[in-house]
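To start, the structure itself, in structure tokens.
The values are calculated or read from the model by the stated rules, or taken from the named source; none is laboratory data. Keep in mind that what you see is a predicted model, and the values were worked out from it rather than measured. Cβ placement follows ideal geometry from the backbone for every residue including glycine, while neighbour counts extend to all protein chains displayed.
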Amino acid sequence: MNNARNRIANSDLFQKVEKIPRSIKEDRYACTTIIDPGLVWLDGKGSRIIVLDKGQRRSLIDSSAGVSTKNLGYGNERIKKVIRQVLLKQKDVFGYPHHDMENDYALDLAWVLSELTPIKAEREVVFANSGTEGIEATIKLCCNARAKSSGQSRRRKDFIACYGAFHGRTLGALSLTCSKPVQRENYPVNAFTNYHIHFPAKHPFFVYDDWGDIQYVDYTPNEYIEEVKRACRKGKIDIDSVNAVVFELIQGEGGVNVASREALQDLVGFFKSHGIYIVIDEIQTGLGRTGKLFAFEHFNIDPDVVVLSKSLAHGFPFSAVIYDSKLGWTEKGQQSSTFSGSPLGSAIALEVLSQLLSQNLPQRAYDLGERVLGPALRTMAQDYSEVIHNVRGMGLMHGIEFWNPHTRKPARLFRNEVILQARKRGVLFLDAGISAIRITPPLTIDSNGEGQHKRGNELGAIIDVLTESIRATRRKMKRIQ
């Protein structure tokens, strides 16, 4: 009798759930540390998303491409076709973890990524389920490689990352992350000894330090390497204990800060001379976004490890770590993950890479960034110099930072209001850093061509709406803050 009652109750449960108001599910049952509880995802096509905005159905141009997960845009028909083919070919599309039982899609993807990644050493690939898990795998990879080595190299346990860095939210990756205090406070960030250095930017920028205080960084390229050497001399960094240094070449979450080629090369050369592994986080910058397949190709450096995720499988939870094969695991069971290298994720990633290359999308991103987006933003910065600190970026990854030039402080509230004004006008922007906006649209975004930005195309609309929103915020806010 009790079993019968339980079956009826369970049946009623799934009939009731649709009748419970969304607001109650948000407030009572679901964790809602999200952009805006009033914004609800429905669908997407091309560079647009369909949302409920405070209950109203709207179409918005997504200037962030789903936080850079949709380099090929939403609703890509060839991606959908690949998913259908895998579903038809296999009765179950997940099966065993690739690291416990191989599948051909993952093996093909490993070969393609090895061929495409311009590391000078022999390459090997390990798969994971997200960017942060890719970073975790990288930490383990570097630690395991040291354990296999001999002499002094075995004692290298420490890691270096940059202020403003975002490498993920699991505890190992979070020890490297130093973008915003809220991401680290209340959590243990000492999974291993770690140091933070200033990101070697080619422009001045605002950043949080280890204590959550705001710093204004305006270094010459040489000052970055001098600061690191000084920290080593004073014992703040034990350089002989450092295992690896992890760099983003454009900090996304940290404010779209772009590395100085000269400063980065100096730092990489210094760390390599001390036997330290170089890890490049290409989770957001990789796969064509900056105008090349990998952002590190702009900087003439040779990393030991490269981490990919986000757009690699078109937003499907997936990541890949490509590394010097000499660092790799050799013992059974040292590295695995339940869903990594799945047939479905691997098949999607293969199709993503095929489209990127066949449509020459990295070059398109470079052209649109150099000839349309970048020039338009720099003109905007000249026109609104009283609120815009600077513009920086490469390809279709640009940022615009707001400040009060009289107080030389970041204008976070001004930035937030610009984002709200833009949403009213049909464009979704995401914040970055302390007072910046990031602009990372799909590489396939509609544009009329060289040097043009008109309301008739989506890239032009992003630029025009941003201009209008700055103007409207300037009228609304009497004080820049």
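Brief remarks follow.
- Selection status of residue 381, modelled with pLDDT of 95 or more, buried (at least 22 other Cβ atoms within 10 Å of the Cβ) and in the same structural domain as residue 418 (by TED's automatic domain parsing): no
- Candidates 267, 308, 287 - the one that is closer than 23 Å to residue 241 by Cα, among the aliphatic types (A, V, I, L, M) and touching a residue at least 60 places away in the same chain (Cβ under 8 Å): 267
- Among the residues of the stretch 46-63, those identified as crowded, with 18+ Cβ neighbours inside 10 Å and either within 14 Å of residue 283 (Cα to Cα) or of a type in the set (A, V, I, L, M) (or both) are 49, 51, 60, 61.
- Qualifying position, being out of contact with any helix residue (DSSP H, G or I) (no Cβ under 6 Å at 6 or more places or on another chain) and within 22 Å of residue 201 (Cβ to Cβ), among 333, 369, 328: 369
- Considered as a group, the residues in the stretch 40-78 that are in contact with an Asp or Glu (Cβ under 6 Å, 6 or more places away or on another chain) and among the hydrophobic types (A, V, I, L, M, F, W, C) include one that is nearest to residue 398 (Cα to Cα), and that residue is 61.
- Taking the criterion of being touching a helix residue (DSSP H, G or I) at 6+ places or on another chain (Cβ under 8 Å) and closer than 30 Å to residue 288 by Cβ, the residues of the stretch 402-418 that qualify are 402, 418.
- You will find that of 387, 307, the residue that is at pLDDT 95 or above, surrounded by 24 or more Cβ atoms within 10 Å (Cβ to Cβ) and of a type in the set (Val, Ile, Thr) is 307 and no other.
- For residue 207, the test of being under 20 Å from the mean Cα position of the chain (by Cα), β-branched (Val, Ile, Thr), outside any strand (DSSP E or B) and not assigned by TED's automatic domain parsing to the domain that holds residue 411 is failed.
- Under the condition of being surrounded by 17 or more Cβ atoms within 10 Å (Cβ to Cβ) and in a loop (DSSP other than H, G, I, E, B), the residues counted in the stretch 216-236 number 1.
- Screening the stretch 400-417 for residues that are of a type in the set (A, V, I, L, M) and buried (at least 24 other Cβ atoms within 10 Å of the Cβ) and picking the one that is farthest from residue 368 (Cα to Cα) gives 411.
- Annotation for the stretch 245-257: at least one member residue is more than 30 Å from residue 402 (Cβ to Cβ) and surrounded by 16 or more Cβ atoms within 10 Å (Cβ to Cβ).
- Per this entry, residue 351 is counted among residues that are assigned by TED's automatic domain parsing to the domain that holds residue 181, more than 20 Å from residue 250 (Cβ to Cβ) and among the acidic types (Asp, Glu).
- No other residue among 160, 135, 119 is modelled with pLDDT of 95 or more and in a helix (DSSP H, G or I) apart from 135.
- Complete set of residues in the stretch 272-293 that are touching a Ser or Thr at 6+ places or on another chain (Cβ under 7 Å) and either surrounded by 24 or more Cβ atoms within 10 Å (Cβ to Cβ) or part of a strand (DSSP E or B) (or both): 279, 283, 284, 287, 289
- Taking the conditions (1) of a type in the set (Phe, Trp, Tyr); (2) out of contact with any Asp or Glu (no Cβ under 8 Å at 6 or more places or on another chain); (3) not in a helix (DSSP H, G or I) in turn, residue 105 satisfies each one other than (3).
- Qualifying residue in the stretch 324-340 (condition: surrounded by 24 or more Cβ atoms within 10 Å (Cβ to Cβ) and under 30 Å from residue 156 (Cα atoms)): yes
- Filter pass, residue 450 being surrounded by fewer than 18 Cβ atoms within 10 Å (Cβ to Cβ), at pLDDT below 95, charged (D, E, K, R) and over 27 Å from residue 475 (Cα atoms): yes
- Options 190, 194: the member that is in contact with a helix residue (DSSP H, G or I) (Cβ under 6 Å, 6 or more places away or on another chain), surrounded by fewer than 24 Cβ atoms within 10 Å (Cβ to Cβ) and either in the same structural domain as residue 134 (by TED's automatic domain parsing) or at positive phi (or both): 194
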